[in-house]
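The values are calculated or read from the model by the stated rules, or taken from the named source; none is laboratory data. In this text the structure is predicted, and so the values were computed from the model without any measurement. Methodologically, a virtual Cβ is constructed for each residue, glycine included, from the backbone with ideal geometry; neighbour enumeration extends over all protein chains shown.
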Amino acid sequence: MHLSKLPLEILDSILSDLDRHTDLIALALAAKELFRIVVPRHSEYRVLQIRHRFPGLWAHLAKRADLSRNIREIHICQKNDQAIIEHYPKAFVSSAMPEGMLDLWNEEKERVRNFLVVMGYMEQLKTFQWDFRYDAGSLYMSSEQELQLLGSLSKIASIERLVLAGDLQCLSPSAKNHTFQSAWNMHNLQDLTLMGNVWSSPAALPSLKYVLKQSSQLKRLQIPIEAIGICDFVIPTLRQLSLFLQSGTTSNLIKQWNVFLENHPLLEDLWCNPSSTMVLPRNGLTKLKRLSIERNFLDSFQDAEKVPESIECLQYTSFRFNTGVVPPSRCNFGKLKKLYLLTVKAEEELYAIAASCPALTWLHIHECVKFELDVWLDFLSSFPDLEVFRGPGIWISVEDDNNIMHIAIMKLVQRCMKLRELDHRSVHGKRGRHRNIVINKTQMDDGLHVGYEVQRPRTRDRIYFMDDAFT
């Protein structure tokens, strides 16, 4: 029997098990009968990513449990985050204002009510992101409603990734920790991001400890460096740690994280800003592959008993390759694949980078002085596997002249056989990121044809760890 001949209930159940949008579209293209069922009933109900209020959308989702229950990801972002590309159902959603919306206050109360109803429908949700910092268009919920939301999330066995960015009212100094702890019951989390000054408050410490104690499967943690009282905590499954500065801290507080690092010898990713008083622990974090820190941390490699066996990605804003390279016997940059540097000020530094990191496939130099074009061509061609080069260096050398840049790209492609992407000098609209020069190569009967096109920058996650470091 052809798949499209199955009863609608069975077919709908089968389609509900498909997570990826590409898989759904591929199936929809197989037959007209399937297309009518997949689009938009399933294709529009997997990922919800919005930065506007959309009261009509939440009203629609609250009435359609059969559609809402198939959503896998919910990202509620700040209204002013222009880098976010919104994705939400459109086919069945009315643009008319829902009944009873006579003013903004009633509209917001109804929107929050509908949102909480929708969260009660979730059966297969894997990712939930709620960014409510700076009151920038996000949901406005009372302490009781926040607890209701956490309770709904706790009932979803599939939830793996959670981002809470802002100050929860239910964790205010006057709130009761046991109430929060009774609502929070998410044992299957693998990726947790907590942002907001509330997580640095002594009053919230019991709740924070409870959250981490429950997270027995946690692999990724992103948390303020100001968080206190948890530095001697041990999360056996943790592999990625990101510490970020929110308001201000002291060197003694940062040093406490040295204990945390000592307790997590299997870390593979470490992102820390600032890290001026942190040092490599005695166990050496030998599995470390991706690292974003300041110079003091890397200097500590020289005196450590053990060091990482092979770092693949390094973001090191204060690094100087001609004066501060750790001896190869202490850190092997020969296998470094991705490198981000804030600035380069001399040709000698370029030569030192090439000598220290011959295997680079991705390089970003954020700022630099003007070098001649031939200097850049010689430097970049010294990396046989280079695929991506970011930064304004080549544009500065050609003084932003498009015609000369065209010649430079053609020369560069001839010398860097694997190069596929450069930064353009123009910025893409409100998203505020440089467009990409994407190089195309086509093998034809008369030989290799090379061209390029300017594309808008790809979407990036502004909060999560980036799966492909630096992207």
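Assorted remarks:
- Selected residue (criterion: surrounded by the most Cβ atoms within 10 Å (Cβ to Cβ)) from residues of region 209-222 that are outside any loop (DSSP other than H, G, I, E, B) and basic (Lys, Arg): Arg220
- Pair list, Cβ under 8 Å, 6 or more apart: region 441-453 residue closer than 12 Å to Arg420 by Cα, other residue in a strand (DSSP E or B) and at pLDDT below 80: Lys441/Leu448
- Residue that is farthest from Pro224 (Cα to Cα), among those in region 265-283 that are among the aliphatic types (A, V, I, L, M) and crowded, with 21+ Cβ neighbours inside 10 Å: Leu280
- Restricting attention to region 371-405, the residues that are within 17 Å of Leu350 (Cβ to Cβ) and of a type in the set (Asp, Glu) total 3.
- Tabulated pairs, region 401-427, first without any contact (Cβ under 8 Å) to a residue 60 or more places away in the chain, second of a type in the set (S, T, N, Q) and surrounded by 13 or more Cβ atoms within 10 Å (Cβ to Cβ), C-beta under 7 angstrom, 6+ apart or interchain: Arg415/Ser381; Cys416/Ser381; Glu421/Asn436; Asp423/Asn436; His424/Asn436
- Under the condition of being modelled with pLDDT of 90 or more and part of a helix (DSSP H, G or I), the residues counted in region 178-192 number 5.
- Residue match in region 193-208 (condition: under 28 Å from Glu110 (Cα atoms), modelled with pLDDT under 95, aliphatic (A, V, I, L, M) and part of a helix (DSSP H, G or I)): yes
- Residues within region 240-263 that are in contact with a strand residue (DSSP E or B) (Cβ under 7 Å, 6 or more places away or on another chain) and more than 20 Å from Ser200 (Cβ to Cβ), tallied: 1
- Among the residues of region 390-423, just one is touching a Lys or Arg at 6+ places or on another chain (Cβ under 6 Å), closer than 24 Å to Gln315 by Cα and surrounded by fewer than 19 Cβ atoms within 10 Å (Cβ to Cβ), namely Ile396.
- Test: residue in region 250-264 that is assigned to a loop (DSSP other than H, G, I, E, B), surrounded by fewer than 20 Cβ atoms within 10 Å (Cβ to Cβ), at pLDDT 90 or above and in the same structural domain as Gly151 (by TED's automatic domain parsing): yes
- Taking the listed residues Ile225, Ile230, the one that is in contact with a Ser or Thr (Cβ under 8 Å, 6 or more places away or on another chain) and crowded, with 16+ Cβ neighbours inside 10 Å is Ile225, with no other qualifying.
- Members of region 234-249 found to be assigned to a loop (DSSP other than H, G, I, E, B), among the hydroxyl-bearing types (Ser, Thr, Tyr) and surrounded by 15 or more Cβ atoms within 10 Å (Cβ to Cβ), listed by number: Thr249
- Near pairs, Cβ below 8 angstrom, 6+ apart or cross-chain, from region 244-265 (closer than 20 Å to Thr193 by Cβ) to any residue that is polar (S, T, N, Q) and in a helix (DSSP H, G or I): Gln246/Asn197; Gln246/Ser200; Ser247/Asn197; Ser247/Ser200
- Residues located in region 136-165, provided they are assigned to a loop (DSSP other than H, G, I, E, B) and more than 22 Å from His187 (Cα to Cα): Ala136, Gly137, Ser138, Leu139, Tyr140, Met141, Ser142
- Test: residue in region 33-46 that is modelled with pLDDT of 90 or more and closer than 27 Å to Tyr134 by Cα: no
- Among the numbered conditions (1) part of a helix (DSSP H, G or I); (2) modelled with pLDDT under 95, the only one that Asp81 does not meet is (1).
- Looking only at residues in region 84-93 that are closer than 14 Å to Ser43 by Cβ and either of a type in the set (D, E, K, R) or not in a loop (DSSP other than H, G, I, E, B) (or both), the one that is farthest from the chain's Cα centre (by Cα) is Lys90.
- Residues (basic (Lys, Arg) and either at pLDDT 80 or above or more than 19 Å from Leu243 (Cα to Cα) (or both)) located in region 291-315: Lys306
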